[in-house]
1. Tell me, what HN-Hα J-couplings in whole Hz come from the Karplus equation 6.51 cos²θ - 1.76 cosθ + 1.60 at θ = phi - 60° for each residue of the range 314-324, using x for Gly and Pro?
2. Among the lysines, which have Cα under 27 Å from the Cα of K320 when same-chain residues fewer than 8 positions away are ignored?
3. Calculate for the chain the 222 nm mean residue ellipticity that helices alone would give, adding -39,500 (n - 2.57) per DSSP H run of length 4 or more and normalising by residue count, nearest 500 deg cm²/dmol.
4. Between I45 and I30, what is the spin-label point distance in nm, taking each point 7 Å from the Cα along the Cα→C-beta axis?
5. So for the pair N376, V19, with labels modelled 7 Å out along Cα→Cβ, what separation do we get in nm?
6. Please give the peptides 197-210, 135-148, 318-331 ranked by average Cβ packing (other Cβ atoms within 10 Å per residue), highest first, as a rough proxy for protection.
7. Taking a ≥ b ≥ c as the square roots of the Cα gyration tensor eigenvalues, with a/c under 1.5 meaning rounded and otherwise prolate when a/b beats b/c, else oblate, which class fits the range 190-325?
8. Where a ≥ b ≥ c are the square roots of the eigenvalues of the C-alpha gyration tensor, would you call the range 58-346 rounded, which needs a/c under 1.5, or, failing that, prolate if a/b is larger than b/c, or oblate?
Amino acid sequence: MESESILITGAEILDVNGVRRASVLIEDDIIREISADLSPGDADIVIDGHEKLMIPGLVNTHTHLSMTLFRGVADDLPLDRWLNDHIWPMEARLSGEYCYAGALLGCAEMIKSGTTAFNDMYFFMDDVARAVDEAGLRCVLSHGMIDLGDDEKRRAELKKSRRIIRKCHGMADGRVMVALGPHSPYTCSEELLKETASMAAEHGIKIHIHLSETEDEVKNVLESHGKTPVEFLDDTGVLGPGTVAAHCVWLSDDEMEILADRDVKVSHNPSSNMKLASGVSPVTKLIERGVNVSLGTDGAASNNNLDMIEEMKTASLLQKVSLQDPTALPARRVLEMGTINGAESLGIDAGVIEEGKKADIVLLNVRRPHLVPWRNPASHLVYSASGSDVETVICNGEILLDGGELERINENYVMEVAEEAAEELTSRG
Ligand SMILES: CSC[C@H]1O[C@@H](n2cnc3c(O)ncnc32)[C@H](O)[C@@H]1O
Ligand SMILES: [Zn+2]
């Protein structure tokens, strides 16, 4: 069935190319034309873009979507106690249906705050894929693998990853892609990492991993392997242009050089790093070395939301205060991180409003008291707006949010099912 064409008239467009006003015609999944001359008769659906800001769909490059079910549980703890004493015992009770419920809730939250694509590592990923398919978003999914040096566990984790690749890679008209997700250098053996590298090359798929998140991680990996986390991963072949490494907080200059040299994509997660008090990633130095740095929220239990507009502001303010330099990471730079850098990291031909690109587009209502006077789109988006200003979301040429209303999924139903799942999961023992 052919999809309906969409014309957005006269919106102010903001992306890495700057600001301009034009109408945008979407046909199928593609931005077909951008021009001042398009007229309402040119499309099946017309959206009035006046008093709206058009931006590319935001790209969240590090999530654990179903963790929405753990929002507000075990706050105010450091990473090791948070994971070992609280999150991992609760995750042992997860099922496919729970992960589906949490993922659907996460999709609703992301759509309503302007995210159109994300990079997710978790469990029961075929159920997460089902939720994403229904919600209409775009994603890269990986089964999170942990073997702790156990051979049997390693084989089982790789088998689960193979199954997800077979079942989900390319589903939902290509909106769902699959990657490999070794959890981290401190939970994965050298063998698992080496097999991950060769399996990723064999299938031509990406790798998603946590890297150098805490100072303890660096100490532990040095103790176990006699190498830093970056050196250890590099020796297994895991570091390459198709790898997205989340966090990257504790890096020496030499390690930054390795990441730059291997063209590793870094996902910066400022809210999670601040909340778990993990530290401050040297984002400015990484960018100076030419590393692609994008943005991720991490899971909703360590953030505690999935709002990428808030994440852009946090990223900017965190660099400014930690470097004591108000010019650090200005609004246009974090916009780049939240859009085109994320799209490039995930291999998605979007992240910018240009003819021929995938039609992943967001409109914000700028007639809001906190956005008046309307004078500097990049500044207002990053420093004054929030996800709740998002009014329309188009992903893959389809309207997912119209005037603030979810089109493909039922918001009340999603919240009810997730509430029930969260209650069952967190009320026991
Ligand atoms: C094996 S699936 C993913 C795994 O990662 C856990 N997780 C969530 N946030 C973080 C983080 O900041 N660092 C390390 N691990 C994290 C999540 O709970 C799952 O167990
Ligand atoms: Zn994480």
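1. Taking θ as phi minus 60°, the curve returns 4, 4, 5, 5, 5, 5, 4, 6, 6, 8, 6 Hz for the range 314-324.
2. Hits, sequence-local ones excluded: K265, K275, K285.
3. -10500 deg cm²/dmol
4. 2.0 nm
5. 1.0 nm
6. Going from most to least packed, we get 135-148, 197-210, 318-331.
7. prolate
8. It comes out rounded by the Cα gyration axes.
The values are calculated or read from the model by the stated rules, or taken from the named source; none is laboratory data. Owing to the predicted nature of the structure, the values given are computational and were not obtained by experimental measurement. Cβ: placed from backbone, ideal geometry, glycine included. Neighbour counts: every protein chain shown. These accessible areas exclude ligands, DNA and RNA; they are computed on the full protein's heavy atoms, side chains included. Shrake-Rupley method; radii C 1.70, N 1.55, O 1.52, S 1.80 Å.
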